[in-house]
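A.B. asks: Below is one structure. I have some questions about it.
The values are calculated or read from the model by the stated rules, or taken from the named source; none is laboratory data. No experiment lies behind these values; they were computed from the predicted model shown. Please note: Cβ atoms are built from the backbone with ideal geometry, for glycine as well, and neighbour counts cover all protein chains shown.
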Amino acid sequence: MSYLDNYDIVIGLEIHAELHTKTKVFCACKNQFGDEPNTNTCPVCTGMPGALPVLNKHAVELAIKAGLSFGCDISPYSVFERKNYFYPDLSKAYQISQLVYPLCIGGKIELDSGKTIRLNRIHLEEDAGKLVHINKAVGTLVDYNRGGTPLIEMVTEPDFSSADEVVEFLKKVRESLVFEDIANCKMEEGGMRCDVNLSLKKKGDSEYGIRTEMKNLNSFKSVQRAIEYEAERQAEVLATGGHVVQETRKWDDASGQSYAMRSKEQAQDYRYFPDPDLLPVEIPSEEVARIKSEMVMLPQDRRKRYIEEFGLPEYDAGILTSTRYISDYFEKCVENFNAPKKISNWIMVDLLKLVKEQEEFEFPIDEKSLAGIVKMVEEKVINKTVGLQLLDKVIETGKDPLVLAKEMNLLVTISDDEILGLLRKLKSENVKVAEDYKNAPEKVVGFIVGYVMKNTGGKANSAKVRELIAKEFQ
């Protein structure tokens with residue numbers, strides 16, 4: 001029996017995602033991961049005396065776009081505040097964030113089960129630098145390149161009751177942010193991190209227990225393991241007569257355990273006050289409408305459309321909407337040749353295998369050319385085997401597929417009479433095949449089709465060959 005059997009888990013999240021901007025949120029320094037430490041810095045993002053911040057309009061627009069993606073209300077009036085605390089990676093000893101007047105209020109995301117997870121808010125803030133722990137001899141170094149990077153923080157209501165729900169929610173958040181080009185959400189680069197607030201309550205009770213916070217979890221696996229560990233830890237503490245302490249804990253993925261870092265701060269501990277160097281942001285409804293008009297259809301809506309309108313299986317719809325690039329590519333192909341399922345098959349089976357080792361990719365053939373090849377196959381101008389040969393040649397040369405097919409003499413020119421002649425020849429030369437076909441046609445039809453394809457250089461239409469075999473060998 002688990003200690004958890006007597007308790008319900010209650011979880012709320014704080015999700016940080018770095019916005020996909022060229023420059024930082026309050027200065028003109030590059031917003032770019034992987035550069036030499038402390039090269040993308042200036043007096044503003046390092047907090048030098050007298051340096052003044054200037055708000056990045058694109059960061060505000062991306063934050064609004066995130067709010068619209070998740071059904072938030074966009075505040076017409078928003079204020080930046082200073083969140084005061086000292087930490088080595090925060091060079092000016094405060095973070096510019098939002099508390100009282102955030103950009104986005106409310107919102108929700110629906111899980112596959114139908115359960116709704118409510119959002120409390122989404123606000124815009126700046127990221128801190130990064131501590132790089134070397135070893136005991138060298139100590140810890142600080143890279144301020146990340147300091148000042150624009151972040152959105154999504155704060156949920158405590159609506160989660162399991163680690164599985166949290167992971168599903170995070171995947172949906174990442175999917176939408178990446179699809180809309182709001183953030184790249186590369187968790188291994190710190191582009192998306194998650195703080196987990198977790199408490200327990202006795203089954204049937206309405207009162208929540210004392211919560212702990214686990215900070216900066218940066219993989220779905222870590223989130224899953226950390227939640228499961230912390231829930232069991234708290235349940236054991238309560239079951240053995242102890243008291244859960246409200247604190248911030250650090251998750252160690254290597255050991256599979258969390259450790260106390262510090263007592264949990266409250267909002268008043270940060271001494272929030274409006275930043276005197278930044279004016280309030282007023283957002284006209286017309287501006288919100290413009291941003292909304294520029295947004296694309298989100299992946300969950302595209303999946304529904306592909307299933308209902310195009311008649312695709314749920315599996316196909318999931319693969320085709322796994323990235324915006326694949327989804328846009330598929331839709332452009334369908335615009336050129338309206339055969340959604342056939343095009344889906346070519347993308348999933350034949351194109352994706354060409355780029356399977358690449359994290360970021362573009363298909364090596366444009367949408368019009370792929371649609372042209374699929375059309376020729378479906379209209380039986382060429383067969384699938386020849387279509388694959390043509391695909392390789394189009395990728396190699398970049399030429400129009402129809403032009404190439406004519407140059408390479410790939411178009412089907414085999415008449416019914418020619419096919420029948422080959423079938424009759426086979427019957428006269430191999431009487432046993434004809435006898436076997438009468439007794440068990442399914443066992444030899446492949447051999448007969450292969451014979452015809454070999455003797456026509458692969459140009460015969462296999463469906464037509466099978467049709468004529470049925471007539472000639474009956």
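A.B. asks: Scan segment 280-312 for residues that are in a helix (DSSP H, G or I) and either of a type outside the set (S, T, N, Q) or free of Cβ contacts under 8 Å to residues at least 60 places away in the same chain (or both) and report the count. First the steps, then the outcome.
C.D. replies: Just the residues of segment 280-312 that are in a helix (DSSP H, G or I), to begin with: 285-293, 299-308.
With the extra rule that they be either of a type outside the set (S, T, N, Q) or free of Cβ contacts under 8 Å to residues at least 60 places away in the same chain (or both), the set shrinks to 286-293, 299, 301-308.
Of the residues in segment 280-312, 17 are in a helix (DSSP H, G or I) and either of a type outside the set (S, T, N, Q) or free of Cβ contacts under 8 Å to residues at least 60 places away in the same chain (or both).
Per-residue answers, yes or no, for (1) farther than 19 Å from L198 by Cα; (2) of a type in the set (A, V, I, L, M, F, W, C); (3) buried (at least 18 other Cβ atoms within 10 Å of the Cβ); (4) modelled with pLDDT of 95 or more:
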{"position": "P102", "(1), (2), (3), (4)": "yes, no, yes, yes"}
{"position": "G106", "(1), (2), (3), (4)": "yes, no, no, yes"}
{"position": "L111", "(1), (2), (3), (4)": "yes, yes, no, yes"}
{"position": "D127", "(1), (2), (3), (4)": "yes, no, yes, yes"}
{"position": "K136", "(1), (2), (3), (4)": "yes, no, no, no"}
{"position": "G139", "(1), (2), (3), (4)": "yes, no, no, no"}
{"position": "R146", "(1), (2), (3), (4)": "yes, no, yes, yes"}
{"position": "D159", "(1), (2), (3), (4)": "no, no, yes, yes"}
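A.B. asks: Of all strands (runs of 3 or more DSSP E) completely enclosed by segment 160-270, which ones contain at least 3 residues that are under 30 Å from G34 (Cβ atoms) and touching a residue at least 24 places away in the same chain (Cβ under 8 Å)?
C.D. replies: On the way: elements: 192-202, 212-217, 247-252, 257-263.
Filter on segment 160-270 gives 192-202, 212-217, 247-252.
A.B. asks: Could you tell me whether segment 369-382 includes any residue that is outside the structural domain of C185 (by TED's automatic domain parsing), free of Cβ contacts under 8 Å to residues at least 12 places away in the same chain and under 32 Å from the mean Cα position of the chain (by Cα)?
C.D. replies: no
A.B. asks: Looking at F447 and the list (1) exposed (fewer than 15 other Cβ atoms within 10 Å of the Cβ); (2) out of contact with any helix residue (DSSP H, G or I) (no Cβ under 8 Å at 6 or more places or on another chain); (3) not assigned by TED's automatic domain parsing to the domain that holds A339, which single condition is not satisfied?
C.D. replies: (2)
A.B. asks: Could you check segment 399-463 for helices (runs of 4 or more DSSP H) lying wholly inside it with 2 or more residues that are over 47 Å from the mean Cα position of the chain (by Cα) and touching a residue at least 12 places away in the same chain (Cβ under 8 Å)? Outline the logic, then answer.
C.D. replies: Details: elements: 401-407, 416-429, 431-439, 441-455.
Hits in segment 399-463: 416-429, 431-439, 441-455.
A.B. asks: Determine, yes or no, whether Y315 is under 23 Å from V296 (Cβ atoms), exposed (fewer than 14 other Cβ atoms within 10 Å of the Cβ) and not assigned by TED's automatic domain parsing to the domain that holds K171. If you could, list the steps in order and put the result at the bottom.
C.D. replies: Working: under 23 Å from V296 (Cβ atoms): yes; exposed (fewer than 14 other Cβ atoms within 10 Å of the Cβ): yes; not assigned by TED's automatic domain parsing to the domain that holds K171: yes.
Yes.
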